[in-house]
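A.B. asks: Okay, here's the structure, questions in a sec.
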Amino acid sequence: MTRDRDPAGRPRNARPRDALGRPLDRAGAQDAGEARIPDDLALAGPDTARLADEASWKSGPAHERDLWQGLAQVAVGLTHAHRGNARGAATLLSRGAQRVRAYQAQAASPSDRDLPYGIDLAAFLAASDDLAARIERDGLAGIPAADLRPRLTTAAS
């Protein structure tokens, strides 16, 4: 069976989704007892950075969407790496870093560009770029576990 793909060639998921794009339970699946994130949840930037809410980029201010979506994509890339999917890891690490750079390019102030909400974007992007390059070059076998857990915020925050 051929998987449904979008015009860019990325796989689509036919699973039903809620208003924020989160997958809904499959027909006949039992509830895992895990609380859902409320659809109307609104967090300030610092809370969002601490909680790393998966849907924050969808509900945050429009001028911050590239930041939150990029950080989410890096997080998914790290998840792929933890699960042994080198190709998915490298792709999403790079794609996420590209989005964060798009946010930096349009940021209104130097503090938004460099340390929004205490996030050290320069260090985080360097770690993401380095990890993606190493995975593409050498695979996942020699990557230390600590490298798959980059710091998001500065030590002072």
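A short reminder: the numbers here are calculations on the coordinates, not readings from a lab. Predicted model, so just to flag it, every value in this text is computed and none were measured. With ideal geometry, Cβ positions are generated from the backbone for all residues, glycine too; neighbour counts draw on all protein chains shown.
A.B. asks: For the range 45-148, just list the percent of Cα-Cα distances falling in each 5 Å bin from zero outward, please.
C.D. replies: Going out from 0 Å in 5 Å bins, the range 45-148 shows 2, 14, 24, 24, 17, 11, 6, 1, 0 percent.
A.B. asks: What list of ³J(HN,Hα) values in whole Hz, one per residue of the range 82-90 in order, does the Karplus curve 6.51 cos²θ - 1.76 cosθ + 1.60 (θ = phi - 60°) give from phi, with Gly and Pro shown as x?
C.D. replies: Whole-Hz 3J(HN,Hα) from phi for the range 82-90: 4, 8, x, 9, 5, 4, x, 4, 4.
A.B. asks: May I ask you to evaluate 6.51 cos²θ - 1.76 cosθ + 1.60, the Karplus curve with θ = phi - 60°, for each residue of the range 127-135 and list the ³J(HN,Hα) values in order in whole Hz, giving x for glycine and proline?
C.D. replies: My calculation for the range 127-135 gives 5, 5, 4, 4, 5, 4, 5, 5, 5 Hz in order.
A.B. asks: What order, most packed first, do the peptides 131-137, 83-89, 106-112 have when packing is the mean number of other Cβ atoms within 10 Å of each residue?
C.D. replies: Packing proxy ranking, top to bottom: 131-137, 83-89, 106-112.
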